[in-house]
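Step one of this worksheet: look at the structure below.
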């Protein structure tokens, strides 16, 4: 890139920030059909009995468009799963006014500044963190576009073109149906599978045993334990599961229970994964210094690009692999996650939420895709994704 082009890129300033709630109906709720005692409430949410966590019955996220004074547009995205207007209000009322007139080249310093605005109010994560993440992704999109480069090449000239992935979720009502679904994906060249304990109504050990018997000795099988257990319960379950050779067990205890996480990691070194709910390197450093987590799972929809990179670096320094988390979205923050993932020396595999992205990628213009156990990293400038006409059928501007 010439010095003239660099000067032009650095001369641009933020002129407008817009927020959109994107809602896509789905036939089967996220994670699978309703279980015993579960029902949809008046606001369209389900409280999963397996872990007491609330989920919507639709796919929903928040998209952000940041426009510069030269007309360039960058896109970001974050969680909109629950109470999406709360995050939109934080962006529109608190954060967007601070961004007006700012330079997207300063994106990392801007993350620190936006985070600091509410530090003394205890807003270190949650809706405030999500709001910053969406803006951070959009600013990185603009920064890379300004150089005419895909985001991954802005970060690392030797970035890989593809990212290996594992299948996440078996959204069927019965164990037999979930095993059958896993076998169908194995026939399509998937070699790694993760199931959700929240909807494992026949029991986690029974599901692990059935999957191992059906998928054979060489498949990687993981269980997302969804913070269901105490340390003692998690250790007892992990002991029971050793016969089925799990690749990792994810989120065994409540994320606040750092001591319990450390206890489980000590009992099963090399087995425990955590991190989807870590928003910042502050949280990651505290947990990684206390617990020997084997696999760290940053979620781009929570972290944005800036914190994703910082958390991945901490994981590498602690000897952990990185297996990025992927939640409900259109694919905008998934694109950002892939761009970062393909630059990581300690990457294992990236989560693939097939029941979400097989449908929702149709809302974007992109060459991003997933086939035969690998993601294609978008190749266009910036994130390499843009909303198309179908996106606007599902997007609502929030002012």
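The values are calculated or read from the model by the stated rules, or taken from the named source; none is laboratory data. Bear in mind the structure is a predicted one, so any value in this text is a computation, not a measurement. Cβ placement follows ideal geometry from the backbone for every residue including glycine, while neighbour counts extend to all protein chains displayed.
Points worth noting:
- Qualifying residue in the range 74-81 (condition: part of a loop (DSSP other than H, G, I, E, B) and surrounded by fewer than 16 Cβ atoms within 10 Å (Cβ to Cβ)): no
- The set of residues from the range 76-111 being in contact (Cβ under 8 Å) with a residue 12 or more places away in the chain and either assigned by TED's automatic domain parsing to the domain that holds residue 307 or farther than 23 Å from residue 20 by Cα (or both) comprises 105, 108.
- Any chance residue 296 is modelled with pLDDT under 95, under 27 Å from residue 247 (Cα atoms) and buried (at least 22 other Cβ atoms within 10 Å of the Cβ): no
- Test: residue in the range 261-269 that is in contact (Cβ under 8 Å) with a residue 60 or more places away in the chain, more than 16 Å from the chain's Cα centre (by Cα) and part of a helix (DSSP H, G or I): no
- Number of positions in the range 57-72 that are touching a residue at least 40 places away in the same chain (Cβ under 8 Å) and not in a loop (DSSP other than H, G, I, E, B): 10
- In the set 262, 251, only one residue is crowded, with 21+ Cβ neighbours inside 10 Å, under 20 Å from residue 286 (Cα atoms) and at pLDDT 95 or above; that residue is 251.
- Residue that is assigned to a helix (DSSP H, G or I), touching a residue at least 24 places away in the same chain (Cβ under 8 Å), within 18 Å of the chain's Cα centre (by Cα) and surrounded by fewer than 24 Cβ atoms within 10 Å (Cβ to Cβ), where the choices are 277, 283: 283
- The residue that is nearest to residue 330 (Cα to Cα), among those in the range 34-48 that are part of a loop (DSSP other than H, G, I, E, B) and in contact (Cβ under 8 Å) with a residue 60 or more places away in the chain, is 35.
- Residue check for residue 211: within 19 Å of residue 376 (Cα to Cα) and at pLDDT 95 or above: no
- Checking 330, 303 one by one, the residue that is in contact with a strand residue (DSSP E or B) (Cβ under 9 Å, 6 or more places away or on another chain), within 29 Å of residue 56 (Cα to Cα) and at pLDDT 95 or above is 330 and no other.
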